[in-house]
Amino acid sequence: MKRRIWVALAAAASAVLSAPVAFGQANEIRIAHVYSRTGPLEAYGKQTATGLMMGLEYATNGTMMLNGKKIVVIEKDDQGKPDLGKSLLATAYSDDKADIAVGPTSSGVALAMLPVAEEYKKILLVEPAVADSITGEKWNKYIFRTGRNSSQDAISNAVALDKQGVTIATLAQDYAFGRDGVAAFKASIKNAKLAHEEYLPPTTTDFTAGFQRLIDKLKDVPGRKIVWVVWAGANNPFNKFADLDLKKRYGIELATGGNILPAMVAYNNYPGMEGASYYYFGFSKNKPNLWLVTNHYARYKSPPDFFTAGGFSSAMALVTALKKTNGDASTNKLISTMEGMSFETPKGMMTFRKEDHQAMQSMYHFRVAPGARPGAMADLHLVKEILPSEMDVPIRNKR
């Protein structure tokens, strides 16, 4: 008898103690941010985290509240490891009761995470992983992406490079980001000739052999010769390429897309180089970007970077959707709201395409200033904003 009374009292106490937790979760919108806080893409991940928090601040007028609910961000470090990212996302959905997840940094990690979102029937907002296959053949209906994809990178870069009489060789990292980027670039080229594809491990520090293969393919080719580079991470080839002085020796130029500001310091070795970028702090003059640039300077004594804008954009997408649902974070409600939804970002307006949930967005054709100084911050001039309507971005999923 005493045992039954004790068990009953214990159960009642447990119910009382657990009630505040359930109540707290009912009055929260829980966002898991799974990203590379450490690892080879650490710099990118940390920028995304900063941008996400600043974007949530901006979109909620500093309250971090939405329709009476507190926005809670749960951070998880995938270290750039696919298996770890997959496990962390499952934990976020199950144990942490995340309503939505954002991330990751690496395309390889993102591809490992896509089935987890489908298994738990929860939204994964991909930012900034780039590989086309994320919103292509590996896609499922729970995946949205504010980050640009490889096709958007490639099509916008083709605007700058795809001309008659130009021969191009590509240099890329040998994983999803690099290979999808080159595949999309090849599909976008209509006038130039593609002579060679060079793939190297992402951890490469000695580029000698790869550079020599590129030189051998291009040195005797007439006309303009360009090596187009798709590379992410700290150990990039830009300074090493400049050391070889290939333009003077063989007439071989370098071209690439945008990158984070520290990596683009090396761009000043290539005055006049053209490419296309996802973001550069000085290009957009809209209200969100002016707020981001002003406040980032005030807090960090530096301009916002490539992936800071991406994190900010993901926050704008989430808050726009949640405002439309009156704070309802249920998955089906969010999916129906976000499909075709337009939202403001530091880059201007983005729209989630209904067919694959890829954000249609502007890209920026840039030119490195002729008077750029080696060692200084990259000095990029805007040639043209390439609007979403000017880019025929393929739909690659099987929906």
May I ask for the angle, rounded to the nearest 10°, between helix 208-218 and the longest principal axis of the chain, with both axes built from Cα atoms and the value confined to 0 to 90°?
50
Using modelled amide H (1.01 Å from N, peptide plane; none on Pro or chain starts), what sits under 5 Å from the amide H of V383, excluding residues fewer than 5 places away?
H365, F366, R367
If the convex hull of the alpha-carbon atoms of the range 128-234 is projected onto planes in all directions, what is the mean projected area in square nanometres?
7.3
Straight-distance crosslink candidates among aspartates and glutamates, where the alpha carbon sits under 19 Å from K186 and sequence neighbours closer than 8 are dropped
D132, E137, D153, D162, D174, E197, E198, E253, E274, E390, D392
Inter-label distance, nm, simple model (7 Å from Cα along the C-beta direction), N295/E75:
1.7
Measuring from the longest principal axis of the C-alpha atoms of the chain, the long axis of helix 107-120 (C-alpha) lies at a number of degrees, nearest 10, equal to 30
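On full extension of the chain, what length is gained from S336 through A209, given 0.36 nm per residue of separation minus the C-alpha to C-alpha distance?
Numbers: separation 127, 0.36 × 127 = 45.72 nm, distance 5.05 nm.
My answer for the length gained is 40.7 nm.
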For q values of 0.22 Å⁻¹, compute log₁₀ I(q)/I(0) with the Debye formula on a Cα-only model of the range 247-319, without solvent.
-1.03
With a 10 Å cut-off between alpha carbons and a GNM built on the chain, which of A101, A195, A112 moves the most?
A195
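Would you calculate, for the chain, the mean residue ellipticity at 222 nm contributed by helices, counting each DSSP H stretch of 4 or more residues as -39,500 (n - 2.57) and dividing by all residues, to the nearest 500?
Values: 13 runs with 163 residues, N = 399.
It lands at -13000 deg cm²/dmol.
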Provide the FRET efficiency to the nearest 0.05 for the K163-K240 pair, computing r from the beta carbons and using R0 = 25 Å.
0.40
Across every pair of different alpha-carbon atoms, what Kirkwood hydrodynamic radius in Å does the range 64-177 reach?
15.6
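Between D392 and D96, what length comes free when the chain is fully extended (0.36 nm per residue of separation minus the Cα-Cα distance, one decimal in nm)? All intermediate terms of the calculation are to be shown ahead of the outcome.
Values: separation 296, 0.36 × 296 = 106.56 nm, distance 3.95 nm.
Length difference between fully extended and current span is 102.6 nm.
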Of all alpha-carbon pairs in the range 328-399, indicate the percentage at a distance above 14 angstrom.
71
Neighbour counts of other C-beta atoms within 10 Å: give me D245, D305, D77 arranged from fewest to most.
D245, D77, D305
The answer for K121, listing residues at least 5 apart or on another chain whose modeled amide H is closer than 5 Å to its amide H, is none
Can you compute the modelled spin-label distance between D328 and E118, with each label point 7 Å from Cα toward Cβ, in nm?
2.7
Exposure proxy ranking, count of Cβ atoms within 10 Å, fewest first, for I260, I71:
I260, I71
Karplus-derived 3J(HN,Hα) from phi for the range 92-98 (6.51 cos²θ - 1.76 cosθ + 1.60, θ = phi - 60°), whole Hz, x at Gly and Pro, runs 4, 5, 8, 7, 8, 6, 5
Set the bar at 32 Å for Cα to Cα. Now go through K76/K324; K121/K190; K81/K240; K69/K347 and name every pair that lies beyond it.
K121/K190
Given charges at Cβ of Lys, Arg, Asp, Glu: the chain dipole, positive-most of H296, A321, G258
A321
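How large is the convex hull of the C-alpha atoms of the range 200-332 per residue, in Å³? The partial results should precede the final answer.
Numbers: hull volume 24.3 nm³, N = 133.
Taking the convex hull of the Cα positions in the range 200-332, it is 182 Å³ per residue.
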Report the equivalent ellipsoid semi-axes for the range 279-399 in whole Å, largest first, defined as the square roots of five times the eigenvalues of the gyration tensor built from alpha carbon atoms.
30, 19, 10
Please determine, in degrees from 0 to 90 and to the nearest 10, the orientation of helix 2-26 with respect to the longest principal axis defined by the Cα atoms of the chain, where the helix direction is its Cα long axis.
40
So how do M273, M363, M377 line up by other beta-carbon neighbours within 10 Å, fewest first?
M377, M273, M363
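Computed from the coordinates by the stated procedures, all read-outs in this text should not be read as laboratory data. In this text the structure is predicted, and so the values were computed from the model without any measurement. Cβ coordinates were reconstructed from backbone atoms using ideal geometry, including for glycine residues, and neighbour counts include every protein chain displayed.
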